[in-house]
1. Hey, among 40, 33, 26, which residue is in a helix (DSSP H, G or I), modelled with pLDDT of 80 or more and out of contact with any Cys (no Cβ under 9 Å at 6 or more places or on another chain)?
2. Could you list all residues from the range 65-75 that are assigned to a helix (DSSP H, G or I) and either at pLDDT 70 or above or out of contact with any Leu (no Cβ under 8 Å at 6 or more places or on another chain) (or both)?
3. Which members of the range 107-136 meet the condition of being surrounded by fewer than 17 Cβ atoms within 10 Å (Cβ to Cβ), at pLDDT 80 or above and of a type in the set (A, V, I, L, M, F, W, C)?
4. With respect to residue 104, determine if the residue is modelled with pLDDT under 75 and surrounded by fewer than 21 Cβ atoms within 10 Å (Cβ to Cβ).
Amino acid sequence: MAFDTWLLYALAALGLSLSPGPNGLLALTHGALYGRQRTLYTIAGGALGFVVVIALSMFGIGALLQTSLVWLTVMKWVGGLYLVYLGIQVWRAPPIGMDIRPSQQRRSGLSMFRQGLLSAVTNPKGLLFFAAFLPQFIDPHRSLWGQFAIMAGTFAVIEVITETLIASTASRLTPWLRRVGRHFNQACGSVFMAIGAALPLRG
């Protein structure tokens, strides 16, 4: 993968990690309830779940590419339209308004890991998103396995870092999101719409 393509992918992945979603919300909730240390189990489960979803998306796309390279162009344009639609949905989403109180209840690390994993792999929007998102960066002339390792590894690292920061600042972040949540959603929605409009036009 060319460095400029990887950099663009990493920036887009960062925008996705920071946008409202089930795993970010779970990291926020568990961070407030159980603290950052224990929430690392949740975050690790979510990162593994996203690697599984990326694998399903990429190798499904790879199977189509073996049929015809025309499918890559089709998927880029359909995916771009879907990302614009998703951006509009995020823009219009209400702000997060949770009342979180620290919990004395203890949960096993395995239980939290499993919840993070299931949150990532059972969200149908995640598979749809990556099916729309990944074709913008796939080079059909390079090894799909190599590109999978780079893309999945990059996304997992970014996801772990951003969710750890979210969990670490959960007690301060929740009131802030209540106050400026709508503007935050609009900023994230704008990122998705910009990606959806611009990426299919790349050569």
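The values are calculated or read from the model by the stated rules, or taken from the named source; none is laboratory data. In this text, all values refer to a predicted model and were calculated from it rather than measured experimentally. Cβ sites come from the backbone with ideal geometry, for glycine too, and all protein chains shown count toward neighbours.
1. On the way: 33 fails: modelled with pLDDT of 80 or more; 26 fails: modelled with pLDDT of 80 or more.
After applying the criteria, what remains is 40.
2. Restricting attention to the range 65-75, the residues satisfying the condition of being assigned to a helix (DSSP H, G or I) are 65-67, 70-75.
66, 67, 70, 73, 74 - these are the residues of the range 65-75 that are assigned to a helix (DSSP H, G or I) and either at pLDDT 70 or above or out of contact with any Leu (no Cβ under 8 Å at 6 or more places or on another chain) (or both).
3. Listed by number, the residues that qualify are 110, 118.
4. Numbers: modelled with pLDDT under 75: yes; surrounded by fewer than 21 Cβ atoms within 10 Å (Cβ to Cβ): yes.
Taking the combined requirement at face value, the residue satisfies it.
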